[in-house]
Structure formats: C-alpha cells, structure tokens
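Each value in this text was obtained by applying a stated rule to the coordinates, not by laboratory testing. Just so you know, these numbers come straight off a predicted model, no measurement behind them. So basically every Cβ, Gly included, is an ideal-geometry build from the backbone, and we count neighbours across all protein chains shown.
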Amino acid sequence: MAIYKKTSPWFITKQNTLYLELLTLRTIPTSDDDFKYVIENQYRHRPDLLAFDLYQDAKLWWVFAQRNRSILKDPIYDFSPGITIFCPAKANINAALSTTAGS
C-alpha cells in the first residue's frame, strides 16, 4: 500500500490492498487572501512550475485545478496563457493541508 504525503492530491483517498479507490477531492477553502493571477506563457501547460514559484513545492500543482474547477476542466491543457485563475495564499494552503486527516 502506498503512503501519500500531505501535499498529494491522493492523500485522503481511501486505498485497499490492490489499488486506490475513487479520488476524494481535497478542499482548499476560499479566502480574502486569494489573489487573481493571469497565466503567463512560461507556465503554459505547467501548473507544477507555477506551484513551485508561488509555494516552493511543485507537488501542489493540483491546488490550482481544485480552486478553479469551473475554469480548468483539464488541469494541464487548460492551463494556458491569458487565463485568469484564483491562487490561494501559501498560508491558507498550509492551514488546509494540516487540518486534513489521512485515511
């Protein structure tokens, strides 16, 4: 059985001895600290690079997809220059991840 870190989108998804169950989405609550960001060309299809630049952790790429579900239907290919997304503040992500219990 794999053990996922708290920064993983699969951290709270249940597992059995053979495989992961259906993905349990992690919530990143909205906050007044969230800011709008227009995706630049250097981040085309690379939410991991933006996550690293904003949060110093490329594994938090999924936060953009989770926070912008109505904008980013595909978390990679919809991550295109000119698209405006909401980005949570790093402190809010850390708080959300620390309050989420593992399975």
Exercise. Using beta carbons and a limit of 9 Å, which pairs, at least six apart or on different chains, have the first residue in the range 5-22 and over 22 Å from residue 60 (Cβ atoms) and the second one aliphatic (A, V, I, L, M) and surrounded by 17 or more Cβ atoms within 10 Å (Cβ to Cβ)?
Worked result: none
Exercise. Restricting attention to the range 59-68, does a residue exist that is exposed (fewer than 15 other Cβ atoms within 10 Å of the Cβ) and free of Cβ contacts under 8 Å to residues at least 40 places away in the same chain?
Worked result: no
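So which residues in the range 1-53 are of a type in the set (A, V, I, L, M), surrounded by 14 or more Cβ atoms within 10 Å (Cβ to Cβ), part of a loop (DSSP other than H, G, I, E, B) and in contact with a strand residue (DSSP E or B) (Cβ under 9 Å, 6 or more places away or on another chain)?
Pass one, the range 1-53, residues of a type in the set (A, V, I, L, M): 1-3, 12, 18, 20, 22-23, 25, 28, 38-39, 49-51.
Filter once more, keeping what is surrounded by 14 or more Cβ atoms within 10 Å (Cβ to Cβ): 12, 20, 28, 39, 49-51.
Filter once more, keeping what is part of a loop (DSSP other than H, G, I, E, B): 12, 28, 39.
Once the filter is applied, which keeps residues that are of a type in the set (A, V, I, L, M), surrounded by 14 or more Cβ atoms within 10 Å (Cβ to Cβ), part of a loop (DSSP other than H, G, I, E, B) and in contact with a strand residue (DSSP E or B) (Cβ under 9 Å, 6 or more places away or on another chain), the range 1-53 yields only 39.
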Seminar exercise, completed: (1) more than 18 Å from residue 27 (Cβ to Cβ); (2) surrounded by 15 or more Cβ atoms within 10 Å (Cβ to Cβ) all hold for residue 82 apart from (2)
